[in-house]
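Note sheet for the following structure.
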Amino acid sequence: MQTDCLGKRFAVINSYAIHREKEANMMQMQRRYVRVTSKDRPGFVEFNFSIGDPDIYLEMILPVQAFEEFCQSNKVTFLTDRQAQAVARQQEKWRDGEAGSLYSAQNNQ
């Protein structure tokens, strides 16, 4: 009976490990995006970094050389101006409310 319980535990742990490995592989396959937002600080680059969806990102600041290494090691895709504008519009909707939405109507009274 004790062996049966251990077998079930091993099966659960093994199943979890396989699931985590698949998740890790999916993360590695997802495209990584960078949008440079400012180079105003001498020696530093301010940028947004995202994995899979450019609308969800981290705001980051790195020294120029570290930024270049970061981009190379993550094999990033730089957003075009058009893509960056689309992301900015999407962020404005979240921040200000989309025109005609209930949130927008309440905040413009």
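The values are calculated or read from the model by the stated rules, or taken from the named source; none is laboratory data. Remember, it's a predicted structure, so these values are computed and weren't measured experimentally. Backbone-built Cβ (ideal geometry, glycine too); neighbour counts: all protein chains shown.
Summary of computed values
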| item | result |
| --- | --- |
| Condition check for Leu58: loosely packed, with under 14 Cβ neighbours inside 10 Å and without any contact (Cβ under 8 Å) to a residue 24 or more places away in the chain | yes |
| Residue count, the stretch 31-57 (criterion: more than 13 Å from Phe78 (Cβ to Cβ), part of a strand (DSSP E or B) and at pLDDT 95 or above) | 2 |
| Considering residues of the stretch 30-55 that are in contact (Cβ under 8 Å) with a residue 12 or more places away in the chain and among the charged types (D, E, K, R) only, the residue nearest to Trp94 (Cα to Cα) | Asp55 |
| Residue match in the stretch 11-30 (condition: surrounded by 11 or more Cβ atoms within 10 Å (Cβ to Cβ), under 13 Å from the mean Cα position of the chain (by Cα) and modelled with pLDDT of 95 or more) | no |
